Amino acid sequence: MEWIHFVSYFFGGAFLTNAVPHFVAGVMGEPFQSPFAKPPGQGLSSSTVNVLWGFLNLVIGYVLVCRIGDFELRSTSDAVSLGLGIVAIGLLSARLFGRFHGGNTRERS
């Protein structure tokens, strides 16, 4: 397997994880931060924008994981690459979104 497949799976995991908060907030009818808000990533975008942004992230994640290479969930190296992308964007999102939603208790002190 080529190393580029592992990079693809890593970023696929990141995009799939990023799809979750945007899509969920959107279908709940809640505004949420997005790259299209003003200021980008800090202001709130409409629920419609978040559904569309979440869906686009889902599509990109699907392409990166399922259409590039031959992803096999039972392959430890494939699963680790995907998992590292999930954890990386998950921690980054928790840190960034936590500033706006009370998730970073250390910063509120």
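Restricting region 71-80 to residues that are free of Cβ contacts under 8 Å to residues at least 12 places away in the same chain and over 30 Å from residue 99 (Cβ atoms), which is most open to solvent (accessible area, probe 1.4 Å)?
Step by step, filter region 71-80, then rank; the result is 74.
Among the residues of region 32-61, which ones are over 28 Å from residue 7 (Cα atoms), in contact with a strand residue (DSSP E or B) (Cβ under 6 Å, 6 or more places away or on another chain) and either modelled with pLDDT of 95 or more or part of a strand (DSSP E or B) (or both)?
Correct list: empty.
Being surrounded by 20 or more Cβ atoms within 10 Å (Cβ to Cβ), without any contact (Cβ under 8 Å) to a residue 60 or more places away in the chain and either touching a Leu at 6+ places or on another chain (Cβ under 9 Å) or among the polar types (S, T, N, Q) (or both) is the filter here; which residues of region 23-58 pass it?
Those that are surrounded by 20 or more Cβ atoms within 10 Å (Cβ to Cβ), without any contact (Cβ under 8 Å) to a residue 60 or more places away in the chain and either touching a Leu at 6+ places or on another chain (Cβ under 9 Å) or among the polar types (S, T, N, Q) (or both): 23, 26, 32, 34, 45, 50, 57.
Only one of 91, 64, 84 is loosely packed, with under 12 Cβ neighbours inside 10 Å, on the phi < 0 side of the Ramachandran plot and not in a loop (DSSP other than H, G, I, E, B). Can you tell me which?
91
Give the residues of region 67-81 that are in a helix (DSSP H, G or I) and of a type in the set (Lys, Arg), sorted by residue number.
Result: 67, single match.
The values are calculated or read from the model by the stated rules, or taken from the named source; none is laboratory data. Since the structure is predicted, the reported quantities are computational estimates derived from the model, not experimental observations. Glycine also receives a Cβ, built like all others from the backbone with ideal geometry; neighbour counts cover every protein chain displayed. Note: accessible area is taken over every heavy atom of the protein model, side chains too, but ligands, DNA and RNA are not part of it. Shrake-Rupley method; radii C 1.70, N 1.55, O 1.52, S 1.80 Å.
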